[in-house]
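Asker: Let me begin by handing over the structure; questions about it come next.
The values are calculated or read from the model by the stated rules, or taken from the named source; none is laboratory data. Computed from a prediction, not measured in an experiment: that's the story for all the values here. Glycine also receives a Cβ, built like all others from the backbone with ideal geometry; neighbour counts cover every protein chain displayed. We work out accessible area using only protein heavy atoms, side chains counted, and drop any ligands, DNA or RNA first. Shrake-Rupley method; radii C 1.70, N 1.55, O 1.52, S 1.80 Å.
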Amino acid sequence: MCLILLALGVHPRFPVIVAANRDEFHARPTARAQSWDDAPEVFGGRDLEKGGSWLALSGRGALAAVTNYRDPSRRRAAAPSRGALVSDFVRRPLSASEYITTTLANGDAYDGFNLLVADATGIWYGSNRGASPQRLGTGVHGLSNHLIGTPWPKVLRATRAMERALSSDVERLEPELLAVLRDDARAADDELPATGVSLEWERVLSPIFIRADDYGTRASTIVTIDASGRASFLERTFGPTGTVEGDVRRECRLAAPIAI
């Protein structure tokens, strides 16, 4: 993922809302969101190159998502897959609080990542680039390819738009959130962060929804969970030109509601 928005304890019907974009090279083999053959209780997309995931939900009431921390100067070819952090959590019995602590204790093995894990112990965030485990509280949170809350233009634009979307009627909430994730406006040059890539790539990567010849937003995901644990998972996938390829939806009741 390259953008994750969380609305926690804000919406009157859904105490947990996730809206996220996955940005990736179009040539990277990927499976759309589905129940996993090796873990049927898990629903989410799969990276077919290394086997991990960017966002997944388990019927036991475990949700995980990851973004890369953009720092090309520290990238290592032999580092393990960061997507495995998502797939490992949703398939294992460790609580979110235990998993985030254990993962960050061994975080130096990986390239830079931001990890979100959630279950009945709360919604936890951590990064191996300087963010200790922290339980997220109520409010709207934005995360891209730096530490959570870093005021990149896309994060500020997206969180403000999400706040507006949360006032929509329930039947309009999903379309409004998808529209937030579809915003392809670029930031002005004087607002761009300096992350170690070229200025042209900073421009390309600055929108909420990315379009480039070989790289771009490949999926938008909306997850809503009510107080009883009833969850809805919608994934919309996109082709290289940003055209919609299709939607996948799953609705279920979690064994234990995610706590805030």
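Asker: Test THR103 against the criterion of being open to solvent by 50 Å² or more (accessible area, probe 1.4 Å), at pLDDT 95 or above and either over 14 Å from the mean Cα position of the chain (by Cα) or of a type in the set (A, V, I, L, M, F, W, C) (or both), and give yes or no.
Answerer: Criteria not met by THR103.
Asker: Would you be able to tell me the number of residues in the stretch 56-100 that are open to solvent by 60 Å² or more (accessible area, probe 1.4 Å), outside any loop (DSSP other than H, G, I, E, B) and either in contact with a Ser or Thr (Cβ under 9 Å, 6 or more places away or on another chain) or at pLDDT below 95 (or both)?
Answerer: Residues in the stretch 56-100 being open to solvent by 60 Å² or more (accessible area, probe 1.4 Å), outside any loop (DSSP other than H, G, I, E, B) and either in contact with a Ser or Thr (Cβ under 9 Å, 6 or more places away or on another chain) or at pLDDT below 95 (or both): 4 in total.
Asker: Further, regarding this structure: Before we move on, is ALA27 part of a loop (DSSP other than H, G, I, E, B) and modelled with pLDDT under 95? Working first, answer last.
Answerer: Numbers: part of a loop (DSSP other than H, G, I, E, B): yes; modelled with pLDDT under 95: no.
So ALA27 does not fit the description; no.
Asker: If I filter the stretch 219-243 down to residues being polar (S, T, N, Q) and surrounded by fewer than 15 Cβ atoms within 10 Å (Cβ to Cβ), which single residue comes out as farthest from ASN145 (Cα to Cα)?
Answerer: Once the filter is applied, the top-ranked residue is SER228.
Asker: Could you please find all residues in the stretch 114-162 being closer than 23 Å to PHE209 by Cβ and of a type in the set (Lys, Arg)?
Answerer: Answer for the stretch 114-162, where residues must be closer than 23 Å to PHE209 by Cβ and of a type in the set (Lys, Arg): LYS154, ARG157, ARG160.
Asker: Then there's this: Which pairs turn up if I take residues in the stretch 78-103 that are more than 12 Å from ALA64 (Cα to Cα) and in contact (Cβ under 8 Å) with a residue 12 or more places away in the chain and look for partners that are of a type in the set (Lys, Arg) and open to solvent by 20 Å² or more (accessible area, probe 1.4 Å) with beta carbon separation below 7 Å, at least 6 apart in sequence or on another chain?
Answerer: From residues that are more than 12 Å from ALA64 (Cα to Cα) and in contact (Cβ under 8 Å) with a residue 12 or more places away in the chain, the pairs are SER81/LYS50.
Asker: Same structure, new question: Could you list all residues from the stretch 137-191 that are of a type in the set (D, E, K, R), closer than 18 Å to TRP201 by Cα and touching a Pro at 6+ places or on another chain (Cβ under 9 Å)? Show your work before the answer.
Answerer: As a first pass, look at the stretch 137-191 and keep what is of a type in the set (D, E, K, R): 154, 157, 160, 163-164, 169, 171-172, 174, 176, 182-184, 186, 189-191.
Narrowing the set further to residues that are closer than 18 Å to TRP201 by Cα leaves 154, 183-184, 186, 189-191.
Of everything in the stretch 137-191, those that are of a type in the set (D, E, K, R), closer than 18 Å to TRP201 by Cα and touching a Pro at 6+ places or on another chain (Cβ under 9 Å) turn out to be LYS154, ASP183, ASP184, ARG186, GLU191.
Asker: Hey, among the residues in the stretch 1-34 that are free of Cβ contacts under 8 Å to residues at least 40 places away in the same chain and farther than 20 Å from ASP213 by Cα, which one's least open to solvent (accessible area, probe 1.4 Å)?
Answerer: Among those that are free of Cβ contacts under 8 Å to residues at least 40 places away in the same chain and farther than 20 Å from ASP213 by Cα, it is ALA31.
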